[in-house]
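Below is one structure; the comments refer to it alone.
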Amino acid sequence: MSAIRHETAVSTGRTARVFLYLVLVLFALFYLLPLYVMGVNSVKPLPEITGGNMMALPRAWTLEPWRAAWSSAQIGVQPTGLKPYFLNSILMVVPAVAISTIVGALNGYILTKWRFRGADWVFGLMLFSCFIPFQIVLIPMALILGKLGLAGSIPGLVLVHVVYGIGFTTLYFRNYYAAFPTELVRAAMIDGAGFFRIFWRILLPVSGPIAVVSVIWQFTNIWNDFLFGASFGGTSQPMTVALNNLVQSSTGVKEYNVHFAAAILAALPTLAVYVVAGRYFVRGLMAGSVKG
Amino acid sequence: MGFLEIRNTTKSYGPVEILHDIDISVEEGEFLVLVGPSGCGKSTLLNMIAGLEDITSGEISIKGRVMNGVHPSKRNIAMVFQSYALYPNMTVGQNITFGLEMHGTPRAEREKALAEVARLLQIDHLLDRKPGQLSGGQRQRVAMGRALVRDPDVFLFDEPLSNLDAKLRVDMRTEIKKLHQKLKTTIVYVTHDQIEAMTLSTRIAVMYQGYVQQLGTPKEIYDTPANVFVATFMGSPAMNIIPAHVVMREGVPHAKITDADGNEVLLRFSQPNLAEWDGREILLGIRPEAMTDPEGADRQSANIQTLTNRVSVTEPAGSDTFVTMVLGGKEVVARMRADALVRPGQRFDFAANMEKAIAFDPKTEKRIAP
Ligand SMILES: Nc1ncnc2c1ncn2[C@@H]1O[C@H](COP(=O)(O)OP(=O)(O)OP(=O)(O)O)[C@@H](O)[C@H]1O
Ligand SMILES: [Mg+2]
């Protein structure tokens, strides 16, 4: 009796699974299509694109568009390629991610293990900041950056992204540390460890998964940001703004192959972060969501 | 003045007072157990001694030094937590020496202290493992090691055995007792298990609803409980509490009780001061082991009274047989020898050891005799 049921369960499971995989493969192909188009067209000479099929493989392979995108394409008025802007983005994203993650971790630590009156209010307000659209803060932010003398500079952009990011990073770390046993903190207190030593020696060593979540989240958001970069970048604009200027330029022929290469270049760092740390991402998200 | 003094100490969370006027003095080398049901405030009191919770009012001092407002690490105490609270990212060795490291003890001394403690607790072979790779009993030992290595004035234990299985709990209990006898350090130990309290302590504070109901040696607590709560909380099965009337016969107070069939039974008291209660209602407290079959009765007792009553249920438990009957309208448990011949429904002659009987005031539930 039970054996028969077992068999039918397996066989229906099998057809369902075949169907499921079919659907998944189709979706994957659908999602990969743009990447394919970009990749293929970034290694073709321009006439092959303007004269022929976007989907076809290149007849004459060339890396020239990549070289041009990187170091010689006309961006605005200068033929610099994306290189200097890429550097700007790195100089912006590394400190911004590091600072917002560290501040988020400290906030989470304080909000769960050194609770004070009104801690929940503070946390609520920080959460609220996650829901404020970028556009609303543009003018007040411009004023503040101007007053601080940071307008149009990389430190200014770092500040903007840190301020915008700590709401999220605090949320991640607070939820993660809420599940961390308070008895451990108490034991460390009796052992004579102070505020920073408890953080450094007891909490941080087990914060890997959530730190990965925070870094990935912040990195992708800050790297891909266009609005803040365009508004406050000044002379040190990030990669996204440069890419826009390159693609939107109205003078001369549109070099689609260079545009494709440039777009891939702009996306590569986030891709790299996902490949390296992606599998911790889901794990960390789950860990952080267990207790709130 | 005691080694550890808790004087008129209270604790409030906001407007709610959860510990009321606690007054306990502990001598050096004592093993004090705080016992009581869940939520009575045991952990809170322990955390106040440790400095993990503020003292709302009153004073706690250790070795004559007032501890109010002193940081936990400066009180020279060590604590073992219910969850053991081992640092998951450190090895056993690092766990044990972390406190010494924080206090700036040189490495060589730390290594020496570690070796000593590891030998004492027989965990030498585990020193390089992480806590996640240990069994419950081994974690328990490591947690004790972390406390021992500091050589503190006072050890604080918060239900250290409650995460272990029954067998291991008994073993570790014996080991803690041995350790105390060897080291003679002052210990304050929290548990809700009355057997742990009885076996480990030199003195017990029974707590309920934020009050210390009684403070005394295990024998005092067991033989002369201050009130009905202490009487029924300590001991397993619990003490029988039977409504009764005091009547005088030939100038001696007796307890008048109705048995299962509605007959009146008279049991002579050994406590003469109950004469004042002539004609009034009391609660008669008698432990299951003071209600036996006649052959099992205590030969030392000068006052064994026979009580005939109908048996409702018998429960053989291997070493003893527990017999339930109805007395004064309440279920009453008697503890018989394992091979006592007794059947449900039968009328049986019980031997009540009235020397061990206790009388409580039914209104205040306080003990009135002996
Ligand atoms: N932070 C707090 N705020 C308000 N009330 C609290 C707080 N902590 C504890 N209490 C209350 O204080 C009382 C005593 O708690 P405590 O933890 O000391 O109990 P306990 O005797 O250790 O119980 P258990 O055996 O369950 O551990 C409980 O009624 C609890 O609800
Ligand atoms: Mg407790």
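From B:ASN47, B:ASN68, which residue is assigned to a helix (DSSP H, G or I) and either open to solvent by 10 Å² or more (accessible area, probe 1.4 Å) or within 16 Å of ligand 2 (Cβ to nearest atom) (or both)? Even if it seems obvious, please write down each step before you answer.
On the way: B:ASN68 fails: assigned to a helix (DSSP H, G or I).
The match here is B:ASN47.
Which numbered condition in (1) under 17 Å from the mean Cα position of the chain (by Cα); (2) surrounded by fewer than 16 Cβ atoms within 10 Å (Cβ to Cβ) is the only one that B:GLN214 fails?
It is condition (2) that B:GLN214 fails.
Working only within region B:5-44, note down all residues that are among the acidic types (Asp, Glu), surrounded by fewer than 18 Cβ atoms within 10 Å (Cβ to Cβ) and more than 14 Å from ligand 1 (Cβ to nearest atom).
Answer for region B:5-44, where residues must be among the acidic types (Asp, Glu), surrounded by fewer than 18 Cβ atoms within 10 Å (Cβ to Cβ) and more than 14 Å from ligand 1 (Cβ to nearest atom): B:ASP21, B:ASP23, B:GLU27, B:GLU28.
Does A:ALA230 count as touching a residue at least 60 places away in the same chain (Cβ under 8 Å) and either in a helix (DSSP H, G or I) or surrounded by 21 or more Cβ atoms within 10 Å (Cβ to Cβ) (or both)?
No: the conditions fail for A:ALA230.
For region A:145-158, does any single residue satisfy the condition of being β-branched (Val, Ile, Thr) and in contact with a Ser or Thr (Cβ under 8 Å, 6 or more places away or on another chain)?
Step one: filter region A:145-158 for residues β-branched (Val, Ile, Thr), giving A:154, A:158.
Keeping just the survivors that are in contact with a Ser or Thr (Cβ under 8 Å, 6 or more places away or on another chain) gives A:154.
Yes, region A:145-158 has at least one match.
Consider B:ASP54 carefully, then state whether it is outside any loop (DSSP other than H, G, I, E, B), away from ligand 2 (no atom under 16 Å from the Cβ) and either open to solvent by 10 Å² or more (accessible area, probe 1.4 Å) or modelled with pLDDT of 90 or more (or both).
So B:ASP54 fails the test.
If B:HIS20 meets every condition in (1) in contact (Cβ under 8 Å) with a residue 24 or more places away in the chain; (2) away from ligand 2 (no atom under 16 Å from the Cβ); (3) of a type outside the set (Ser, Thr, Tyr); (4) facing another protein chain (nearest Cβ under 10 Å) apart from one, which number is that one?
(4)
Per-residue answers, yes or no, for (1) within 14 Å of chain A (Cβ to nearest Cβ); (2) in contact with a Pro (Cβ under 9 Å, 6 or more places away or on another chain); (3) away from ligand 2 (no atom under 16 Å from the Cβ):
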{"residue": "B:THR191", "(1), (2), (3)": "no, yes, no"}
{"residue": "B:GLU220", "(1), (2), (3)": "no, no, yes"}
{"residue": "B:MET234", "(1), (2), (3)": "no, yes, yes"}
{"residue": "B:PRO253", "(1), (2), (3)": "no, yes, yes"}
{"residue": "B:ALA260", "(1), (2), (3)": "no, no, yes"}
{"residue": "B:PHE269", "(1), (2), (3)": "no, yes, yes"}
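So, in region A:19-35, how many residues would count as being open to solvent by 90 Å² or more (accessible area, probe 1.4 Å) and at pLDDT 90 or above?
Taking region A:19-35 and keeping what is open to solvent by 90 Å² or more (accessible area, probe 1.4 Å), we get A:19-22, A:24, A:26-27, A:29-32, A:35.
Narrowing further to those that are at pLDDT 90 or above: A:19-22, A:24, A:26-27, A:29-32.
So the count comes out to 11.
Using the structure shown, decide if B:ILE77 is in contact with a strand residue (DSSP E or B) (Cβ under 7 Å, 6 or more places away or on another chain), within 16 Å of ligand 1 (Cβ to nearest atom) and of a type in the set (A, V, I, L, M).
no
Can you go through A:ILE110, A:ILE198 and tell me which one is within 12 Å of another protein chain (Cβ to nearest Cβ), out of contact with any Ser or Thr (no Cβ under 7 Å at 6 or more places or on another chain) and closer than 26 Å to B:LEU86 by Cα?
On inspection, the qualifying residue turns out to be A:ILE198.
Being at pLDDT below 90, in contact with a strand residue (DSSP E or B) (Cβ under 9 Å, 6 or more places away or on another chain) and surrounded by fewer than 19 Cβ atoms within 10 Å (Cβ to Cβ) is true for just one of B:ASP261, B:ASP223. Which residue is that?
The match here is B:ASP261.
Can you find even one residue in region A:203-218 that is within 14 Å of chain B (Cβ to nearest Cβ), at positive phi and either open to solvent by less than 40 Å² (accessible area, probe 1.4 Å) or among the β-branched types (Val, Ile, Thr) (or both)?
Looking through region A:203-218, none of the residues is within 14 Å of chain B (Cβ to nearest Cβ), at positive phi and either open to solvent by less than 40 Å² (accessible area, probe 1.4 Å) or among the β-branched types (Val, Ile, Thr) (or both).
For region B:23-44, what are the residues that are at negative phi and more than 13 Å from ligand 2 (Cβ to nearest atom)?
B:ASP23, B:ILE24, B:SER25, B:VAL26, B:GLU27, B:GLU28, B:GLU30, B:PHE31, B:LEU32, B:VAL33
Restricting attention to region B:1-44, report how many residues are out of contact with any Asp or Glu (no Cβ under 8 Å at 6 or more places or on another chain), among the charged types (D, E, K, R) and part of a strand (DSSP E or B).
Residues in region B:1-44 being out of contact with any Asp or Glu (no Cβ under 8 Å at 6 or more places or on another chain), among the charged types (D, E, K, R) and part of a strand (DSSP E or B): 3 in total.
Could we say that B:LEU86 is away from ligand 1 (no atom under 11 Å from the Cβ), within 13 Å of another protein chain (Cβ to nearest Cβ) and part of a loop (DSSP other than H, G, I, E, B) here? Walk me through it before giving the result.
Values: away from ligand 1 (no atom under 11 Å from the Cβ): yes; within 13 Å of another protein chain (Cβ to nearest Cβ): yes; part of a loop (DSSP other than H, G, I, E, B): yes.
Yes.
Every residue in region A:182-198 that is crowded, with 20+ Cβ neighbours inside 10 Å and in contact (Cβ under 8 Å) with a residue 12 or more places away in the chain, please.
Of everything in region A:182-198, those that are crowded, with 20+ Cβ neighbours inside 10 Å and in contact (Cβ under 8 Å) with a residue 12 or more places away in the chain turn out to be A:LEU184, A:VAL185, A:ALA188, A:ILE198.
Looking only at region A:131-179, which residues are open to solvent by 20 Å² or more (accessible area, probe 1.4 Å), in contact with a Leu (Cβ under 7 Å, 6 or more places away or on another chain), within 24 Å of A:ALA211 (Cβ to Cβ) and not aliphatic (A, V, I, L, M)?
A:ARG174
Please go through region A:180-194 and pick out each residue that is more than 7 Å from chain B (Cβ to nearest Cβ) and not hydrophobic (A, V, I, L, M, F, W, C). Lay out the reasoning, then the answer.
Keep residues of region A:180-194 that are more than 7 Å from chain B (Cβ to nearest Cβ), which gives A:180, A:182, A:185, A:188, A:194.
A:THR182, A:GLY194 - these are the residues of region A:180-194 that are more than 7 Å from chain B (Cβ to nearest Cβ) and not hydrophobic (A, V, I, L, M, F, W, C).
The values are calculated or read from the model by the stated rules, or taken from the named source; none is laboratory data. Given the structure is predicted, the values throughout are model-derived calculations rather than measurements. Note that each Cβ is placed from the backbone with ideal geometry, even for glycine, and that neighbours are counted across all protein chains shown. The accessibility values were calculated without ligands, DNA or RNA, using every heavy atom of the protein model including side chains. Shrake-Rupley method; radii C 1.70, N 1.55, O 1.52, S 1.80 Å.
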